[in-house]
1. List the residue pairs whose Cβ atoms are under 9 Å apart, where the first residue sits in region 261-282 and is in a loop (DSSP other than H, G, I, E, B), the second is of a type in the set (Ser, Thr, Tyr), and the two are 6 or more positions apart or on different chains.
2. Would you pick out the residues in region 147-172 that are under 21 Å from SER47 (Cα atoms), outside any strand (DSSP E or B) and acidic (Asp, Glu)?
3. Would you confirm, using the coordinates I've provided, whether GLU207 is among the acidic types (Asp, Glu) and closer than 27 Å to GLU77 by Cα?
4. Right, ILE227: closer than 19 Å to PHE62 by Cβ, touching a helix residue (DSSP H, G or I) at 6+ places or on another chain (Cβ under 7 Å) and crowded, with 17+ Cβ neighbours inside 10 Å or not?
5. Mind listing whichever residues of region 41-84 are free of Cβ contacts under 8 Å to residues at least 40 places away in the same chain and under 15 Å from the mean Cα position of the chain (by Cα)?
6. Got a sec? Which of ASP132, ASP89, ASP144, ASP175 is more than 22 Å from the chain's Cα centre (by Cα), loosely packed, with under 14 Cβ neighbours inside 10 Å and in a helix (DSSP H, G or I)?
7. Considering region 255-274 alone, what residues qualify as being under 18 Å from HIS108 (Cα atoms) and out of contact with any strand residue (DSSP E or B) (no Cβ under 8 Å at 6 or more places or on another chain)?
Amino acid sequence: MKKNLKKFKNPLSLIIIVIITIALFVSEAGCLFQDRTDSQLKIPDGSMTVSFVDVGQGDCIFARLPNNEIMLVDCGEYSERDAVCDFLDRENVKKIDYLVATHPHVDHMGGMSHIIKKYDIGSFFMPDTESDTNAFIYMLEALDEKNIQSNIVRAGDMIFESDSFRCEVISPVLDSYEETNDFSVVLRLTCGEKSFLLTGDAETYAEKHIKSDVSADVLKVGHHGSITSTSEEFLEKVNPKYAVISCGKDNSYGHPHKEIIDILNKYNIQVYRTDISGTITFFCDGKTVEVID
């Protein structure tokens, strides 16, 4: 060591070199989520990020998969289209490989036509139900204009599947429901040993008919935290560490309802809310899940 130090006659030079080396290391680590491949954000091999995008009183979930493909589940009201596009543009997204409209309510798919027109779409998925709203009609027209097929899905279907990650449809189970919310496409997104359960607006009637494994580390609480969803029986089956509630600040529905917050607290589940925290992003490496800034 003394022999090596003799090369630096001025101790200040050694200090400067050490500082530069540390700075370069920190810079490289900080660029973990900044390197670009095919115009998309890179994440470590075998890892993924899942963001619950703040779209006010609505749902929008973005996932960057371990193979660097993109999945978008819902997109909020039409009025939130710019907010969603701003988020996607910050993520440098050019193509959405998997686009899912969980059900035809405008707080979930109101801006879908705009998304379809602006981005390259790989595959599009929706349940076997429809609506007479302009948003739903415009969505179908946008799909037709770009010659994109609508894939109707139900429990047992796969959005994608590989050796280390997959996205399975676990609801709707039945052919028909009285409530449109119960047609919601419920997804179990798995990376390695960890899972996210994305429930749309599925209510307790749909929950009790789900036969698939619903265990998950992160639960997107159904129907914005309404008492119509997230029964205690269902929550016990999911047994999540984290719960995310997507809702608007001071919304007229009173979401999330106190009863749901109480039951989440009862099971010591760490709750995140978009009306309080804004967009919430999780990082998953297949063995751990954590919230990142």
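Read the figures in this text as sums done on the coordinates, not as results from a lab. Here the structure is a predicted model, which means the values were calculated and not measured. Every residue, glycine among them, receives a Cβ derived from its backbone with ideal geometry; neighbour counts consider all protein chains shown.
1. These pairs meet every condition: ILE269/TYR242; THR279/SER51.
2. The one that is under 21 Å from SER47 (Cα atoms), outside any strand (DSSP E or B) and acidic (Asp, Glu): ASP163.
3. yes
4. no
5. PHE62, ARG64, ASN68, ILE70, GLY76, VAL84
6. Answer to the check: ASP144.
7. Hits for region 255-274: nothing passes.
Rundown of residues vs (1) buried (at least 18 other Cβ atoms within 10 Å of the Cβ); (2) among the β-branched types (Val, Ile, Thr), yes/no style:
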site	(1), (2)
GLY254	no, no
ASP262	no, no
GLN270	no, no
THR274	yes, yes
THR279	no, yes
CYS284	yes, no
ILE292	no, yes
